[in-house]
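Asker: Got a structure here, written out as structure tokens. Questions coming.
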Amino acid sequence: MSRPIRSSLAAVVLPLLLVAAGCAEPTAPAGPPPAAELARFYDQEPAWAPCEDPGFECARVEVPLDYERPDGRTAQIAMLRIPARGERIGSLLYNPGGPGQSGTSVLATMLAKPLATSPIGEGFDVVGFDPRGIGASTPALDCHTDAERGDDAMFVWLRAEDRTEEQTRGLAERCAERSGGMDVLEHVGTRDAARDMDILRSVLGDDRLSFLGQSYGTRLGAVYAEEFPQNVRAMVLDAPMDPAVGTAERYTALFATFQQRFDDLAAFCATDPACPLGTDPARATEEFQSIVRPLLDSPAPAMNGRTLGFDGAIEGMMAGLYTEDAYPTLVQGITELAAGRGAVLTALRDVYVGRGPDGSYTNWVEAFQGVNCLDEQRRTPDEETALKRAWYDAAPFLDPGRPVGETHDRCEHWPGRPTLGFPHADGIEGLAPTLTVAATGDPATPYEGGISLAESLGGSLLTVDAAQHGSVLLSGNACVDGIVADYLTTLRTPPDGARCAG
């Protein structure tokens, strides 16, 4: 899971590099050519043209909606490119995570500036793409109107109310109706998206893929490595997801880590006598509950006639806990909420769920749900109810304080069955050296998952001593960015035990 910001990516032909200590350009040939029925997709020539935002190039690539039926319906994958500033090594494909974040948007709005001075932008065309079902790609997942998206109970991934079977069935039907059919919903999983990436690699002119994936993007990269190991040149996997841990265990660990970050926030706040959580961090969860639980019945006024309920306040808190840099803003928001207003946490919540200033929403929440319905393990009502109780036990600051009744997995009636499988991306043969970057205090993808992913891929691990989600380019860490740029341009991996300060 990643922050609700947007996305980026790229690809191109590689020079022949000599074997060096700790790195080597794979000497094995690239993977076999695609099946004849897929050749027309692999042989496309992208029609690059100026984007609506000046300074970038945009194009679309056609892919099969169902790879088992390549002559059937197709999807269009949106791409945005920043050409290399200097001597071109190739393309670098980028995904910022989610699942559901737009690579084209993140590249244009967040990565363009750091890439302007980075060696990565010097040697690579950086290409951001919107995976199938997401952002500007079509068909896009669409389950709610903007007005309905503004109602937290319609789509929040952790909610105070319990879901019924009727609600889960209605959700799948509504998403299918608005997205183009049940077959669209059935083919938005990571394994289909990884196959799309191989078409993008070919269309961009690369024999092998260079990839930077963050958060969920590390899952997408790991699955690509599993499916197309001989087509990998280099992979940077930042804020990694653990490929060995199943859904229930991973979510429980994730919420426990968010509680740790909340406790860090409480310790940060307690140094100020005016801290709204009090000066005793051990009582901070109780103090926070006393502030937010009344919102269940009486939402707080926010701005422009809007109000903030319990779910929205929790979303705002979760957004701020992704990085310790946001702790002062969170303290401001809790202080304001204790005084009866919710503008600050509402603003954080808007970032978290993809709400624009005009009240429109991206589809990242629906895409988050849809992709996970085809990736994660589905649960019976008993299992879902037990898991929800486990979440509140692991992260009591999120607990609404009301009994948990029977609740149903929101994917209960989603078409198709999950295809990811746990564990995955293990025992891969013929894979080039990869680089996993993991922060010790990451709240959304715990550090232990980075150790696991690096071991599964047989690659290198770069540890970052920081409480943040994502360390490459977006955080401006010179140590991290230098090691990553060196790896991508020379294929040298860092030594065992490599670390960077946050």
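The values are calculated or read from the model by the stated rules, or taken from the named source; none is laboratory data. Note that the coordinates shown come from a computational prediction; the quantities given were computed from them, not determined experimentally. Methodologically, a virtual Cβ is constructed for each residue, glycine included, from the backbone with ideal geometry; neighbour enumeration extends over all protein chains shown. Heads up: the accessible areas ignore ligands, DNA and RNA and are worked out on the full protein's heavy atoms, side chains in. Shrake-Rupley method; radii C 1.70, N 1.55, O 1.52, S 1.80 Å.
Asker: Quick one: in the range 362-378, of everything that is surrounded by fewer than 20 Cβ atoms within 10 Å (Cβ to Cβ) and in contact with a helix residue (DSSP H, G or I) (Cβ under 8 Å, 6 or more places away or on another chain), which residue is nearest to Pro446 (Cα to Cα)? Outline the logic, then answer.
Answerer: Our first condition is that a residue be surrounded by fewer than 20 Cβ atoms within 10 Å (Cβ to Cβ); within the range 362-378, this holds for 376-378.
Keeping just the survivors that are in contact with a helix residue (DSSP H, G or I) (Cβ under 8 Å, 6 or more places away or on another chain) gives 376-377.
On the way: Glu376: 17, Gln377: 19 Å.
That would be Glu376.
Asker: For Arg355, are the conditions met, namely being open to solvent by 20 Å² or more (accessible area, probe 1.4 Å), within 29 Å of Asn304 (Cα to Cα), modelled with pLDDT of 95 or more and in contact with a strand residue (DSSP E or B) (Cβ under 7 Å, 6 or more places away or on another chain)?
Answerer: On the way: open to solvent by 20 Å² or more (accessible area, probe 1.4 Å): yes; within 29 Å of Asn304 (Cα to Cα): yes; modelled with pLDDT of 95 or more: no; in contact with a strand residue (DSSP E or B) (Cβ under 7 Å, 6 or more places away or on another chain): yes.
No; evaluated as a whole, the condition is false for this residue.
Asker: Additional query: I'm told Thr440 meets every condition in (1) surrounded by fewer than 24 Cβ atoms within 10 Å (Cβ to Cβ); (2) touching a Phe, Trp or Tyr at 6+ places or on another chain (Cβ under 8 Å); (3) closer than 30 Å to Glu166 by Cβ except one. Can you identify the failing condition by its number?
Answerer: (3)
Asker: Okay, moving on. Starting from the range 170-183, take each residue that is within 20 Å of Asp409 (Cα to Cα) and in contact (Cβ under 8 Å) with a residue 60 or more places away in the chain and list its partners that are of a type in the set (Lys, Arg) and crowded, with 19+ Cβ neighbours inside 10 Å, counting only C-beta distances under 7 angstrom and pairs at least six apart or across chains.
Answerer: What qualifies is Leu171/Arg410.
Asker: Is it fair to say Leu348 is open to solvent by 30 Å² or more (accessible area, probe 1.4 Å) and within 26 Å of the chain's Cα centre (by Cα)?
Answerer: yes
Asker: Quick one: in the range 49-76, of everything that is over 27 Å from Gly180 (Cα atoms) and assigned to a loop (DSSP other than H, G, I, E, B), which residue is modelled with the lowest pLDDT? Can you show your working first?
Answerer: Step one: list which residues in the range 49-76 are over 27 Å from Gly180 (Cα atoms), which gives 49-50, 53-57.
Add one more test, that the residue is assigned to a loop (DSSP other than H, G, I, E, B), and what stays is 53-56.
Values: Asp53: 83, Pro54: 86, Gly55: 87, Phe56: 96.
Out of the qualifying residues, it is Asp53.
Asker: Considering each residue of the range 386-407, count those that are surrounded by fewer than 19 Cβ atoms within 10 Å (Cβ to Cβ), more than 26 Å from Pro281 (Cα to Cα) and hydroxyl-bearing (Ser, Thr, Tyr), and give that number.
Answerer: Going through the range 386-407 one residue at a time, the tally reaches 0.
Asker: Residues that are touching a residue at least 40 places away in the same chain (Cβ under 8 Å) and touching a strand residue (DSSP E or B) at 6+ places or on another chain (Cβ under 9 Å): list the helices (runs of 4 or more DSSP H) wholly contained in the range 359-460 that include at least 1 such residues. Lay out the reasoning, then the answer.
Answerer: Numbers: elements: 364-375, 381-394, 447-457.
Once the helices (runs of 4 or more DSSP H) in the range 359-460 are filtered for at least 1 residues that are touching a residue at least 40 places away in the same chain (Cβ under 8 Å) and touching a strand residue (DSSP E or B) at 6+ places or on another chain (Cβ under 9 Å), what remains is 364-375, 447-457.
Asker: With respect to Gln76, determine if the residue is touching an Asp or Glu at 6+ places or on another chain (Cβ under 7 Å), closer than 19 Å to Leu209 by Cβ and not hydrophobic (A, V, I, L, M, F, W, C).
Answerer: Values: touching an Asp or Glu at 6+ places or on another chain (Cβ under 7 Å): yes; closer than 19 Å to Leu209 by Cβ: no; not hydrophobic (A, V, I, L, M, F, W, C): yes.
Against the criterion (touching an Asp or Glu at 6+ places or on another chain (Cβ under 7 Å), closer than 19 Å to Leu209 by Cβ and not hydrophobic (A, V, I, L, M, F, W, C)), Gln76 does not qualify.
Asker: To continue, here is another question. For the range 471-491, does any single residue satisfy the condition of being at pLDDT 95 or above, more than 24 Å from Leu92 (Cα to Cα) and in a helix (DSSP H, G or I)?
Answerer: The answer is no, given that none of the residues of the range 471-491 is at pLDDT 95 or above, more than 24 Å from Leu92 (Cα to Cα) and in a helix (DSSP H, G or I).
Asker: Right, here's the next one. Select from the range 112-121 the residues that are farther than 14 Å from Asp53 by Cβ and either outside any helix (DSSP H, G or I) or without any contact (Cβ under 8 Å) to a residue 60 or more places away in the chain (or both) and list them in ascending order.
Answerer: Filtering the range 112-121 for residues farther than 14 Å from Asp53 by Cβ gives 114-121.
Those that are farther than 14 Å from Asp53 by Cβ and either outside any helix (DSSP H, G or I) or without any contact (Cβ under 8 Å) to a residue 60 or more places away in the chain (or both): Ala116, Thr117, Ser118, Gly121.
Asker: Within the range 245-277, which residues are in contact (Cβ under 8 Å) with a residue 60 or more places away in the chain and small (Gly, Ala, Ser)?
Answerer: Gly246, Ala248, Ala253, Ala256, Ala274
Asker: Return only the number of the condition from (1) farther than 17 Å from Phe262 by Cα; (2) at pLDDT below 95 that Glu336 does not satisfy.
Answerer: (2)
Asker: Filter the range 451-478 down to the residues that are at positive phi and out of contact with any helix residue (DSSP H, G or I) (no Cβ under 6 Å at 6 or more places or on another chain) and list them by number.
Answerer: The initial filter retains those residues of the range 451-478 that are at positive phi, namely 458, 470, 473, 476.
Residues satisfying the conditions are Gly458, Gly470, Gly476.
Asker: Also, quick follow-up: Only one of these is in contact (Cβ under 8 Å) with a residue 40 or more places away in the chain, buried (at least 24 other Cβ atoms within 10 Å of the Cβ) and not basic (Lys, Arg): Thr138, Thr109, Thr104. Name it.
Answerer: Details: Thr138 fails: buried (at least 24 other Cβ atoms within 10 Å of the Cβ); Thr109 fails: buried (at least 24 other Cβ atoms within 10 Å of the Cβ).
Just a single option satisfies the conditions, and that option is Thr104.
Asker: In the set Met197, Met241, which member is among the aliphatic types (A, V, I, L, M), open to solvent by 10 Å² or more (accessible area, probe 1.4 Å) and at pLDDT 95 or above? First the steps, then the outcome.
Answerer: On the way: Met197 fails: open to solvent by 10 Å² or more (accessible area, probe 1.4 Å).
Only one candidate passes the filter, namely Met241.
Asker: With respect to Ala222, is the statement that it is within 18 Å of Leu435 (Cβ to Cβ), surrounded by 24 or more Cβ atoms within 10 Å (Cβ to Cβ) and within 14 Å of the chain's Cα centre (by Cα) true? Spell out the reasoning first.
Answerer: On the way: within 18 Å of Leu435 (Cβ to Cβ): yes; surrounded by 24 or more Cβ atoms within 10 Å (Cβ to Cβ): yes; within 14 Å of the chain's Cα centre (by Cα): yes.
Considered against the rule, which asks whether it is within 18 Å of Leu435 (Cβ to Cβ), surrounded by 24 or more Cβ atoms within 10 Å (Cβ to Cβ) and within 14 Å of the chain's Cα centre (by Cα), Ala222 comes out as yes.
Asker: Please verify whether the range 327-345 includes one or more residues that are buried (at least 24 other Cβ atoms within 10 Å of the Cβ) and of a type in the set (Ser, Thr, Tyr).
Answerer: No, the range 327-345 has no match at all.
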